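S.K.: Dropping the structure in here first, questions after.
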Amino acid sequence: MEVLKHVTCGTAGKPLRIIQITDTHLFPEGVTSFKNEDTTVDMKKSGYSNKTAKEYLALLIKQVRPDVAILTGDIIDGRPFGEHKRTDWLRTIEEFIDPLVDAGIYWSFTPGNHDDDGAPYSRKDLLDIYSLPYCLSKGANTFDHTITVGPSEKEGVRLWLFDSGENSPDKNIRYTSFSLASVAAHKLISKKLRERKEKLPGLAFFHIPLPQYMYNHPISGTLGLFDAARNKGQVPRFARYFPWLVKLFGADRVAGSSMLDSGLFESFSREGNVKATFCGHDHYNDAVMWRDGVYLCYGRVCSYTPPIDWEGKGGPLPFEFGARIVEVRPDASVATWVQSKDGIEPKSYVPLEHRDRAPAGLCARILCSNVTLKVVNFIAILVILVYVLMFPQYRSAEELEEEAKIEAGLL
């Protein structure tokens, strides 16, 4: 992991705003069809557009006036580049970031699992993105790096950027996950920052969610991935027919993470220098959650190419297009919200302050824990089933008298 030099941006004494753009899945210019698995989509007939993302980016820049933009992966989709033998991928990204460059906004990029998926270029080639104008990460030789941005080195924020992995050939693993070297580097750099007594808040950006994004109660936003997977038929048969039972136990709060745990979350939690993490990947999720001292945040999609809703198989998105905004104030406090074309999304504003969700006291902790609630729910369902199966339904005196006469042969 590289440590890059400070980049000066923003205004002293005023909040620093960061806009997260994710999962635009841009296609090569002029491509109007997309083939994936057993499906071929005609983009024009299906209402998809390759221009939606750039139009939204320009609109959101006018609304928010960000100082920094972070593109958290799957900005381009390598599959149509490979299918149509196109090599103009860098030009596609350059055209997309035109509104950022025109506004003089610094930006950076972390790769997703589809930026080079099936592409005629390599993942290493994607590092050429850092040569484009106004890139924060200019000169970086790896996607794993950290950099401070703000009016000065003492006022601003430390950004941690990571490569969260590629598609794995082993379907049971899903994705290759974060490198162990980057996890070790985070620990080492954190130690040096402590020795320097750095006070800047830290924010981490990557594409694929950490495994710890699973099964958390959302503070704000939507976790719609389970419903999308159910629409596509990618859940077990039991979950397909009894989704209410899955949701009762909170097992619908899923994330499309790797099955490999790199240990990066544990490093964030233990070191205490990353206040929040921001990812994309799960197009149907835009929630903010909290776990073990770290806020876990999703961005929101602002594009409409076929992969956005899984070629229509996942069903409509549960929200409008938009982007996640992060605001870092001079006192080092941080807040986030979702911005759509109509402004700040209602109920999306979350101050990222320290939380201790577990109530004080051992008894309260036990009674309010997720495990206890699941056990209580299970017992309640079991009692209902036993009652229905073992005990007859209530019958009136008249019904009992009539049944007695039938048994006596009087009727």
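S.K.: Output the number of residues of the range 301-321 satisfying the condition of being open to solvent by less than 10 Å² (accessible area, probe 1.4 Å) and under 19 Å from residue 231 (Cβ atoms).
M.R.: 6
S.K.: Search the range 42-67 for residues that are farther than 18 Å from residue 25 by Cβ and pair each with any residue that is surrounded by 14 or more Cβ atoms within 10 Å (Cβ to Cβ) and among the polar types (S, T, N, Q) when their beta-carbon atoms are under 6 Å apart and the residues are at least 6 apart or on different chains.
M.R.: Taking only residues 6 or more apart or on different chains, the pairs are 64/339.
S.K.: Starting from the range 109-129, keep only residues that are not assigned by the TED database to the domain that holds residue 27, then list their pairs with residues that are of a type outside the set (Asp, Glu) and open to solvent by 20 Å² or more (accessible area, probe 1.4 Å) whose Cβ atoms are within a distance under 6 Å, requiring at least 6 positions of separation or different chains.
M.R.: Within 6 Å, no pair qualifies.
S.K.: Is it the case that residue 211 is open to solvent by less than 60 Å² (accessible area, probe 1.4 Å) and in contact with a strand residue (DSSP E or B) (Cβ under 7 Å, 6 or more places away or on another chain)? Spell out the reasoning first.
M.R.: Values: open to solvent by less than 60 Å² (accessible area, probe 1.4 Å): yes; in contact with a strand residue (DSSP E or B) (Cβ under 7 Å, 6 or more places away or on another chain): no.
So residue 211 fails the test.
S.K.: Okay, next question. State all residues of the range 29-51 that are open to solvent by less than 20 Å² (accessible area, probe 1.4 Å) and either at pLDDT 95 or above or assigned to a helix (DSSP H, G or I) (or both); if no residue qualifies, say none. Spell out the reasoning first.
M.R.: Restricting attention to the range 29-51, the residues satisfying the condition of being open to solvent by less than 20 Å² (accessible area, probe 1.4 Å) are 31, 34, 41, 43.
The one that is open to solvent by less than 20 Å² (accessible area, probe 1.4 Å) and either at pLDDT 95 or above or assigned to a helix (DSSP H, G or I) (or both): 43.
S.K.: Out of all the residues in the range 176-184, is one or more in a helix (DSSP H, G or I), open to solvent by less than 10 Å² (accessible area, probe 1.4 Å), closer than 25 Å to residue 77 by Cβ and not aromatic (Phe, Trp, Tyr)?
M.R.: Yes, because at least one residue in the range 176-184 is in a helix (DSSP H, G or I), open to solvent by less than 10 Å² (accessible area, probe 1.4 Å), closer than 25 Å to residue 77 by Cβ and not aromatic (Phe, Trp, Tyr).
S.K.: Out of 233, 202, which single residue is touching a Lys or Arg at 6+ places or on another chain (Cβ under 9 Å) and at positive phi?
M.R.: Every option except 233 fails the conditions.
S.K.: Inspect all residues belonging to the range 271-289 and state whether any of them is free of Cβ contacts under 8 Å to residues at least 40 places away in the same chain and either open to solvent by 10 Å² or more (accessible area, probe 1.4 Å) or part of a helix (DSSP H, G or I) (or both).
M.R.: Yes - at least one qualifying residue is present in the range 271-289.
The values are calculated or read from the model by the stated rules, or taken from the named source; none is laboratory data. Because the structure is predicted, anything quoted here is derived from the model rather than measured. FYI the Cβ positions are ideal-geometry reconstructions off the backbone, even for glycines, and counts take in every protein chain you see. The accessibility values were calculated without ligands, DNA or RNA, using every heavy atom of the protein model including side chains. Shrake-Rupley method; radii C 1.70, N 1.55, O 1.52, S 1.80 Å.
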